[in-house]
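Q: Structure incoming, see below.
The values are calculated or read from the model by the stated rules, or taken from the named source; none is laboratory data. Quick caveat: nothing in here was measured; it's all calculated off a predicted structure. Counting neighbours? That spans all protein chains shown, and the Cβs are built from the backbone with ideal geometry, glycine included.
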Amino acid sequence: MAADWQKEYKRKFISAEEAAGMAKSGDTVVFTMGREAFAIGLAIAARKDELKNVTIIAPHPAYDFGWYDEGWQDSFKVKVAMPTATCQEALDAGRCDLIPLP
């Protein structure tokens, strides 16, 4: 029985680049609460020039992958729930949006 889940895990396991490659223009990419998956964030950011209008939801951003910078808005629309120092300047400048919490 134990070998079954391990085999299934290996079958489903993909690299960060493969995961990021699944994102298409117009998609929404949601990171979990806490720190973003670093390798996936880097891989998605590396596709800046090929992606357009991708919404990034980073509830509590910890890393700056570049999408908070001026000039990235055509590729990524970033939304955060709890601003941090990572995104505060972009939030103040209107380069990312705040998700209101209930």
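Q: Being surrounded by 13 or more Cβ atoms within 10 Å (Cβ to Cβ), at pLDDT 95 or above and among the small types (Gly, Ala, Ser) is the requirement here; does residue 23 meet it?
A: Values: surrounded by 13 or more Cβ atoms within 10 Å (Cβ to Cβ): yes; at pLDDT 95 or above: yes; among the small types (Gly, Ala, Ser): yes.
It is true that residue 23 is surrounded by 13 or more Cβ atoms within 10 Å (Cβ to Cβ), at pLDDT 95 or above and among the small types (Gly, Ala, Ser).
Q: Let me ask another. Scan region 17-56 residue by residue and report those that are hydrophobic (A, V, I, L, M, F, W, C), part of a loop (DSSP other than H, G, I, E, B) and within 9 Å of the chain's Cα centre (by Cα).
A: Result: 31, 37.
Q: From (1) charged (D, E, K, R); (2) closer than 21 Å to residue 17 by Cα; (3) assigned to a loop (DSSP other than H, G, I, E, B), pick out the condition that doesn't hold for residue 77.
A: Only one criterion is unmet by residue 77, namely (3).
Q: Go through the residues of region 58-72 one by one and say whether even a single one is exposed (fewer than 14 other Cβ atoms within 10 Å of the Cβ) and closer than 15 Å to residue 96 by Cα.
A: Within region 58-72, one or more residues are exposed (fewer than 14 other Cβ atoms within 10 Å of the Cβ) and closer than 15 Å to residue 96 by Cα.
Q: Inspect region 42-49 for any residue being more than 18 Å from residue 17 (Cα to Cα), among the charged types (D, E, K, R), modelled with pLDDT of 95 or more and surrounded by 16 or more Cβ atoms within 10 Å (Cβ to Cβ) and give the result as yes or no.
A: No - not one qualifying residue is present in region 42-49.
Q: Going by the structure shown, is residue 14 surrounded by 12 or more Cβ atoms within 10 Å (Cβ to Cβ) and either modelled with pLDDT of 95 or more or in a loop (DSSP other than H, G, I, E, B) (or both)?
A: No; evaluated as a whole, the condition is false for this residue.
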